[in-house]
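The structure under discussion appears below in the form of structure tokens.
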Amino acid sequence: MKNFDWIVIGAGITGSALSYELAKKGLKVLLLEKDPNYSNATRYSYGGVAYWSGTDDFSNKLCQESREIHHNLSQELGYNTEFRELDLMLTMPADKDPEMIAEDYQKFLIKPQLLTPKEAIEIEPLLNTDAISGCLKLPHGHIHPQKTNNGYQQAFLKLGGTINYEEVSQLLSQNTIITGVKTPQEEYFSENVVICAGGLSHSLLKSIGIAVNIYFTHSQLILTSTVDINLKTLVMPAILNRLDIEEKSGDLELESLWNHPSDEIISDVMEPGAIQFRDGHFCLGQISQIITNPQANFDRHLAEKTIREGVGKILPKLENLPGKLHNCLVAFCPGANFLVGKIDHFQGLHLFSGFTSTFVFAPPLAKRFASWVTEDAEKMPSLLS
Ligand SMILES: Cc1cc2nc3c(=O)[nH]c(=O)nc-3n(C[C@H](O)[C@H](O)[C@H](O)COP(=O)(O)OP(=O)(O)OC[C@H]3O[C@@H](n4cnc5c(N)ncnc54)[C@H](O)[C@@H]3O)c2cc1C
């Protein structure tokens with residue numbers, strides 16, 4: 001029988017950051033991860049830190065805290081996260097009115113600069129000006145996501161934390177009080193469990209009859225080898241259709257589809273984007289699909305073709321770079337930036353997942369979460385189940 005103060009399920013960026021912050025408060029923490037290869041959303045992401053994206057007092061404050069955290073994180077963790085400041089170039093389709101799109105961005109903490117195609121290509125020479133009506137330029141942060149994850153984990157281990165590679169197959173409870181978790185190898189006991197299982201958070205909660213508004217997309221992307229081309233900025237579309245399909249997926253009608261997982265593609269968007277990492281390799285993205293079965297298969301050939309053609313239209317030199325297709329699940333919660341707090345009516349069970357801009361919001365919220373646990377329990381938000 002093994003006892004811990006806290007058990008954290010899932011060692012992507014959310015679980016790793018939170019485990020570290022809990023351990024920093026002197027708590028005995030177990031972090032459980034099912035996949036030693038980390039084929040997860042954290043590994044396959046662009047690593048953008050959207051510290052401009054706050055829309056109210058609380059999210060603005062988190063954005064400011066996050067920027068400061070990322071600036072100091074390599075030093076704090078003793079591990080290079082490869083943080084840098086870089087421009088985010090949000091491309092606008094040739095047939096759309098740039099002024100109207102720019103209007104949608106006026107709600108954010110930092111307002112973008114509207115650039116004509118000619119101005120945009122001076123900043124990002126790889127852009128195809130024929131394919132765009134302009135760009136929105138924003139100051140953005142960038143990290144190496146997997147290195148940042150490793151950094152949190154190494155610092156967590158130094159604080160005495162435990163990481164075991166085991167899949168949580170069951171949440172253990174007595175009535176509505178959490179008592180621990182079960183894996184195929186072992187039972188672990190704790191009065192506090194937090195779910196950071198990314199796209200699989202939904203099914204873990206469902207397994208004990210808890211319905212929370214958290215879902216997932218299937219995402220596909222290409223990682224290239226190191227190449228001798230220089231992309232200066234992070235390029236993404238200004239119109240994020242993914243947010244639309246995520247918003248709609250919380251409808252009551254669709255809710256019933258999530259209760260009966262199938263391989264049907266409910267919606268499907270391609271958002272051409274690209275980032276180059278410090279070692280010269282690219283991540284080219286990204287297809288997002290709503291398919292309710294987390295294990296659903298997809299057409300790899302079609303996905304690769306769609307990403308290459310989509311990226312090639314905006315950034316022609318990147319279309320045929322040698323690379324490999326990957327896929328992962330990405331958690332989201334419709335209409336909110338994240339789901340963080342204790343699950344109402346289920347003592348000891350918590351959720352830290354469903355982030356929209358995970359790399360900006362998870363690090364400051366992990367700090368706050370650890371402070372709520374140790375100093376200010378009343379401030380911990382309640383999540384309705
Ligand atoms: C192409 C692409 C680009 C992106 N770009 C950005 C970006 O620029 N900025 C940004 O903020 N976000 C971006 N994202 C989104 C971001 O990557 C994710 O939101 C984030 O990584 C999610 O972290 P997570 O810890 O919630 O999930 P994950 O990284 O998926 O980690 C969850 C972990 O839980 C484990 N797990 C699940 N179930 C169990 C279980 N039962 N037992 C044990 N372990 C379990 C999984 O194996 C997994 O390792 C991007 C995503 C993609 C795909």
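Key figures for this structure:
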read-out: Per residue value of the accessible surface for the stretch 109-195 (all protein chains in place, 1.4 Å probe), Å²; value: 45 Å²
read-out: In range of the label at residue 319: residues from the stretch 131-150 whose backbone nitrogen is under 13 Å from the point 7 Å along Cα→Cβ; value: 131
read-out: Accessible area in square angstrom per residue, the stretch 326-373, 1.4 angstrom probe; value: 27 Å²
read-out: Charged-residue dipole, Cβ positions (Lys, Arg, Asp, Glu), the stretch 180-317 about Cα centre, Debye nearest 20; value: 580 debye
read-out: With all protein chains modelled, accessible area of residue 330 [1.4 Å, Å²]; value: 50 Å²
read-out: Selected from 40, 75, 30, residue furthest toward positive end of dipole (the stretch 29-114; charges at beta carbon); value: 30
read-out: Area of residue 100 that stays accessible when all protein chains are in place (1.4 Å probe, Å², to 10); value: 130 Å²
read-out: Debye-sum result for the stretch 23-71 in log10 I(q)/I(0), which assumes one identical scatterer on each alpha carbon, at q = 0.25, 0.27, 0.28, 0.29 Å⁻¹; value: -0.90, -0.91, -0.92, -0.94
read-out: Residue 300 - accessible surface, heavy atoms, 1.4 Å probe, Å² rounded to 10; value: 110 Å²
read-out: Share of alpha-carbon pairs per 10 Å distance bin for the chain, given as whole %; value: 5, 23, 33, 26, 10, 2, 0
read-out: Cα-only Debye scattering, the stretch 65-208: base-10 log of I(q)/I(0) at q = 0.14, 0.20, 0.22 Å⁻¹; value: -0.88, -1.14, -1.25
read-out: Efficiency of FRET from Cβ geometry, residue 208 and residue 84, R₀ 51 Å, rounded to 0.05; value: 0.75
read-out: The chain, dipole about Cα centre (Lys/Arg Cβ +1, Asp/Glu Cβ -1), debye to the nearest 20; value: 960 debye
read-out: Total formal charge among the other residues, if their Cβ is under 15 angstrom from that of residue 188, Lys/Arg +1 and Asp/Glu -1; value: -3
read-out: Residue of 343, 177, 163 that the Gaussian network model of the chain assigns the largest fluctuation, springs spanning Cα pairs under 10 Å; value: 177
read-out: Among 290, 123, 195, residue whose mean-square fluctuation peaks in a GNM of the chain (springs only between Cα atoms under 10 Å); value: 123
read-out: Heavy-atom accessible area order for 186, 103, largest first, 1.4 Å probe; value: 103, 186
read-out: Apportionment of accessible area to carbon and sulfur, the chain, percent (1.4 Å); value: 49 percent
read-out: Total formal charge among the other residues, if their Cβ is under 9 angstrom from that of residue 34, Lys/Arg +1 and Asp/Glu -1; value: -4
read-out: Selected from 327, 364, 276, residue furthest toward positive end of dipole (the stretch 230-385; charges at beta carbon); value: 276
read-out: For the stretch 47-114 and the stretch 340-385, distance of Cα centres in Å; value: 22 Å
read-out: Charge dipole (debye, nearest 20) of the stretch 154-250; +1 at Cβ of Lys and Arg, -1 at Cβ of Asp and Glu; value: 200 debye
read-out: Burial ranking of peptide ranges 223-232, 124-133 (average Cβ count within 10 Å, highest at the top); value: 124-133, 223-232
read-out: Nitroxide proxy distance, nm - points 7 Å out along Cα→Cβ at residue 374 and residue 279; value: 3.4 nm
read-out: Furthest towards positive pole of dipole, 180, 223, 302, structure part the stretch 178-332, Cβ charges; value: 223
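The values are calculated or read from the model by the stated rules, or taken from the named source; none is laboratory data. Keep in mind that what you see is a predicted model, and the values were worked out from it rather than measured. Note that we place each Cβ from the backbone using ideal geometry, even for glycine, and neighbour counts take in every protein chain shown. Areas reflect the complete protein model, heavy atoms only, side chains present, ligands, DNA and RNA absent. Shrake-Rupley method; radii C 1.70, N 1.55, O 1.52, S 1.80 Å.
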